[in-house]
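Down below is the structure, laid out as structure tokens.
Derivation of every value follows stated rules applied to the coordinates shown; laboratory data play no part. Since the model is a prediction, treat every value here as computed from it, not as a measurement. Quick reminder, even Gly has a Cβ in these numbers, built from the backbone with ideal geometry, and neighbours come from all protein chains shown.
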Amino acid sequence: MESMNPRDLVVCPYNKAHTMLRNKLQKHVMKCKEIYKDEIELLICPFNNVHRVPAAEFHQHTKSCEDRKIILHYQLSQAAELNEETKHEKIEADENWDDTCVENYNPEIYASQATIVRESKGLFRAQRKQFIKQEHRRILGEEYDDVKPPKARKVK
Ligand SMILES: [Zn+2]
Ligand SMILES: [Zn+2]
């Protein structure tokens, strides 16, 4: 019975004369696959990609593979964890851009801000604030003064 110790000596599936530490097997198998690709055709075990099995033994191997139990167990526990993690995906706002205008909340302003922010994405924060104020003036005209929040600073 093989153990899973990475310090174990294992035999290359392509050439029984190749022995190496288990933790070197994966790299080795990739090399031998290239070297022997015209002579030996081995199928890759679905449970461990360093298991290379002749087609005739493949079905038997998938039933008796030592990694089958480990993988199935792993997949089951992973699936449970993933469900927990993906349940609540956080969506973070990229920037708190409206801190000077938030006091006098007004749905009309809010709607125009939403449009403006999309348009001004890519401007620097200071430029963006100025841009938003200019846009308020442009879109709302005289009404702008009525809804101007007390905290708003003058733009030079
Ligand atoms: Zn080899
Ligand atoms: Zn296997």
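If R0 is 22 Å, what FRET efficiency do you get for M20 and D67 from their C-beta distance, rounded to 0.05?
Efficiency computed from Cβ-Cβ geometry: 0.75.
Taking 7 Å along the Cα-to-C-beta vector as the label spot, tell me the N48-Q78 distance in nanometres, rounded to one decimal.
1.6 nm
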